[in-house]
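**Student:** Before we start, here is the structure in question, set down as C-alpha cells.
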C-alpha cells in the first residue's frame, strides 16, 4: 500500500524534524526543520483530502510566517549560543520529565481507547469543499471572520509601533 | 483509515509535547517562539483530524483561524524581539533580569 | 449532513456596542495621524467619551436578551454585569492615565486605541458563547496588552516585561487552542450550548477527549489569570509595564478571563461525569493561589510587585466561586452573584491602589519606602491608599469585606467549609502586608528629599478617578444591593 508507506514516511519525518527544531543549536537550522515539519503536516492534510488547509499551511505558514522568522533571525544576526543539555536548571529537568510522563500516558490512553472505536469509519467529504468553506466562513463564522480582521489590525499597529526605529528620544512622537 | 486518526492524534500530542519541552529548555527568544509554533501546528493537526472524522468543514475553518492567530502573534512577538535586541544586543531570556523575580 | 449555511440575522442594537467600539478605536488612530503633535492629547478624552457611548449602547443592547451571530454571542444578565464591571474599569483606567502618558512620552493615539481594542476583547470575552470567538477575543485582548506593556519605548524594563508577557501568553494560548481542538473532537461543535447538549450522550472516548480538552483549557486560563502554579509571569510583568497598564492587566483582563472561564465551566457543569472529583483540580489551584500569593506578597518591597502577588491571591478567592458553580448546582445562583460582586470589588480596590501609585510615583520609583510619611505630605492620597489597602484586606464596611463574605458564605453553603477556613486564614495573613503599607504611610517619617521636593499635582482626571472609586468602595460596601440589583 503506497499510501500508507507515504503516510508513515511523513509521520516519521514530521516527528524527527520537530525533535530537531528543539535539538539543533543553530536557530537557522531550527527554522529550517520547523518548515520541514510544517510541510510534512501539509502532506498528512493532503492524505486526508483537506487540500485547502494543506495549501494554506504551505503558503501562509511555511511560506509567510517562516520567512518572517528567518528574516528576523538574519536581521539580528544571532550568534550560536544555544546550548541545550548543560543548561537544565535544578527544577527544569523535573518539569520536563513530568510533561513527558503526562503526555506518554495521555498518548497511550488515546491509543488504547481509539483502538476500540475502529469501526467508526468517517464518511468522505464532498469533493468540492472550497465553496462550502467559503460559504460557511462568511455565514456561520461571520463573527470570527470579522474578529480576525480586528486582530490583524492590532498586530500591524503594534508591530509597526514597537519595532519602529527611534529618532532622537524626545522628538520621536512628532514623527 | 481510522488507524490514521489514531496515529495523527499521537503525532499531534507528540509534537505538542516536543513544543512544550522546547519552550522550557530553549534560551533564545526566537527559538522559544518556534517551539510555540510547533505547539500550534500540533493543534492544527488535531483540528484537521477531528474535522475529517466528522466529515465537516467546521474543523477546516477553525484551522484557518488558528493560523491567523499564529501569524498575528508571530508579527507582534518578532517586533518585541527586535526592540529588545536593539536596546540590549541579545534576546537571551536568561539575561532578562532587570525585573528581579 | 451539511445543510446549506445561511447568513445570520443581525439586529443593529444587539451588535452596536462591539461595532461602535471597534470603529471608535480605529477613528482615534486615524485622527491621531492627521492632528498636529500638540493636539494629540485629545485622544484620551476621546477614548473616555467612547467608553461612555459604549456604556449607553450596551444598556440598550441588553434590554432584551439575545443571541446575535447565530448564538456565538449571548447577551444575558451575567454578561451584562461583566460588561458593566469592564466598562467601569476601562473608564477609570483612562482617567488615571493622562499624567503618566504625558510624563513617559507614550504616543497618545496608539495608547488610547489599543486600550479600546483591549476593552473590545474583554467585552467580547464576557459575551462569547463559542470557543473560537472566545479564543479570538482573548487574542485581541492579549495582543493589545502585550503591545501596551511594551509601549514605553525608551524604558528597557517595559520591553522586557512585554517579552516575558508575550512568551508566556503565547505559550498559554497554545494550550487553549489544543484544548479547544479536543473539545471539538469530543462533541463536533465549538458552540458551548451544543457542547453542553451533546455531552450526556458522550461515549467513553469522547469523555476522555473532554477531560483532556478541559484540562488544557484550564491550564491556558491559569496562565492568563495568574493562578498559582502558573503565576510566575505576573510579578515581573506588573512591575515592568506602565502603571496604568498594570492596573488594566490586573483588573480588566482578570474580569474578562473569569467571565470566559465561567462560560466554559457552565457548559460542562451539568454533565454527570464531570463531578466533584474532576473539579478538585480547581480546589487545589484555588488553595495554592491563596497561599502562595499571600505569603510571597509579605516580602515584597515594590508596591507593584506586592499588588501582583495580592492579585494572585485574589484570583484564588474568586476561583472558589467557580468551583462552587461547577460542582454544586443548588448554590449556583448565590455563587454567581458572589463572583460578579467580587469582580466589581476587586476592580475598584485595585484601580484605587494603582491610581494612588501613579499619583505619587515619580519616574520608575514604586518602592514602598517611597510612601513614608505620605500622610503628612499629601493626606488625601494617603487616605485613599489606606482605604484601598483596608478593602483589599477585607475590613468592613468596604466592598472587600462584603465580597469576601459572599464568597465564603457561598463556599460554606456548598459544603466547602475547609476552603472558607483556608481563605479566611489567608486573608489574615494578607493583613500583614496590606497594613504594612498603611504603617509606612502614617507612622514613618518622610525622607528629607520627599518632604522638600514639591509633588507634581495629581491632575483633575486622576483625582476624579480616585474619588469615584473611593466613594464606590464605601457605598457598594454599605449597600451591596445597589450593584446586584442593577438588573
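**Student:** According to the Cα gyration tensor, what semi-axes, each the square root of 5 times an eigenvalue, does the equivalent ellipsoid of region C:207-333 have, listed from largest to smallest in whole Å?
**Tutor:** Taking √(5λ) for each eigenvalue gives 28, 14, 13 Å, largest first.
**Student:** Okay, next question. Please state the relative contact order of region C:1-126 as a whole percent: Cα pairs under 8 Å, 6+ residues apart?
**Tutor:** Working: 119 pairs, mean separation 47.8, N = 126.
Dividing the mean separation by the residue count of region C:1-126 yields 38 percent.
**Student:** Once all Cα-Cα distances of chain C are split into 20 Å bins that start at 0, what whole-number percent is in each one?
**Tutor:** So the P(r) values, bin by bin, are 25, 59, 16, 1.
**Student:** At what distance in angstrom do the alpha carbon centres of region C:284-299 and region C:218-249 lie from each other?
**Tutor:** 14
**Student:** Follow-up question, since we're still on this one. Taking the 0 to 90 degree range and rounding to the nearest ten, how far is the long axis of helix C:12-34 tilted relative to the main principal axis of chain C, both from C-alpha atoms?
**Tutor:** Compared with the principal axis, the helix lies near 40 degrees.
**Student:** On C-alpha positions alone, give me the angle between the axis of helix C:303-327 and the longest principal axis of chain C, in degrees, nearest 10.
**Tutor:** 20
**Student:** Quickly work out the residue C:429-to-residue A:25 label distance, labels modelled 7 Å from Cα along the C-beta direction, and quote it in nm with one decimal.
**Tutor:** About 4.4 nm separates the two model spin labels.
**Student:** So, one more: Return one quarter of the surface area of the convex hull spanned by the alpha-carbon atoms of the protein assembly as shown, equal to its mean projected area, in nm².
**Tutor:** Averaged projected hull area, Cα only: 30.7 nm².
**Student:** If you rank C:263, C:370 by fewest surrounding Cβ atoms within 10 Å, what's the result? Numbers along the way, then the final one.
**Tutor:** Values: C:263 22, C:370 18.
Ranking C:263, C:370 by Cβ neighbours within 10 Å, fewest first, gives C:370, C:263.
**Student:** Something else now. Can you tell me the relative contact order of region C:212-283? Whole percent, Cα pairs under 8 Å, sequence separation 6 or more. Walk me through the intermediate numbers first.
**Tutor:** Details: 25 pairs, mean separation 15.7, N = 72.
It comes to 22 percent, rounded to a whole number.
**Student:** Which whole-number percentage describes the relative contact order of chain C, with Cα contacts under 8 Å and a sequence gap of 6 or more?
**Tutor:** Relative contact order, chain C: 14 percent.
**Student:** Return the whole-Å distance between the Cα centroid of region A:46-70 and the Cα centroid of region C:110-139.
**Tutor:** Value for the Cα centre distance between the two parts: 27 Å.
**Student:** Then there is this: May I ask for the Kirkwood hydrodynamic radius of region B:2-95, worked out over all distinct Cα pairs and given in angstroms to one decimal?
**Tutor:** On the way: mean 1/r = 0.0686 Å⁻¹.
For region B:2-95, inverting the mean 1/r across all distinct Cα pairs yields 14.6 Å.
**Student:** Taking other Cβ within 10 Å of each residue's Cβ, how do C:254, B:95 sort, fewest first?
**Tutor:** Least to most surrounded, the residues fall as B:95, C:254.
**Student:** If you don't mind, there's one more thing I want to ask. Looking at the square roots a ≥ b ≥ c of the eigenvalues of the Cα gyration tensor of region C:381-439, which shape do they give, rounded for a/c under 1.5, prolate if a/b is larger than b/c, or oblate?
**Tutor:** oblate
**Student:** What Kirkwood Rh does region C:1-156 have if only Cα atoms enter the pairwise 1/r average? Answer in Å.
**Tutor:** 16.5
**Student:** Place a point 7 Å from the Cα of residue C:19 along the Cα-to-Cβ direction; which residues of region A:133-149 have their backbone N under 19 Å from it?
**Tutor:** Residues passing the 19 Å test: A:138-149.
**Student:** Mind checking the angle between helix C:460-478 and chain C's longest principal axis? C-alpha axes, 0 to 90 degrees, to the nearest 10.
**Tutor:** That helix lies at roughly 60 degrees to the long axis.
**Student:** A follow-up question, please. May I ask for the distance between the Cα centers of region B:65-101 and region B:28-45, given as a whole number of Å?
**Tutor:** Going from one Cα centre to the other spans 14 Å.
**Student:** Also: If each residue's Cβ is checked for other Cβ atoms within 10 Å, how do C:266, C:232, C:122 rank with the fewest at the top?
**Tutor:** The order, fewest Cβ neighbours first, is C:232, C:266, C:122.
**Student:** Using only Cα positions of region C:116-192, each an equal point scatterer, no hydration layer, compute I(q)/I(0) via Debye at q = 0.13, 0.14, 0.20, 0.27 Å⁻¹ and quote the log10 values to two decimals.
**Tutor:** For region C:116-192, the Cα-only Debye profile gives -0.46, -0.52, -0.86, -1.16.
Here, each number is a calculation from the coordinates, and none is a lab measurement. Since we're looking at a predicted model, the values are computed, not measured. Positions of Cβ are generated from backbone atoms using ideal geometry, with glycine treated the same way; all protein chains shown enter the neighbour counts.
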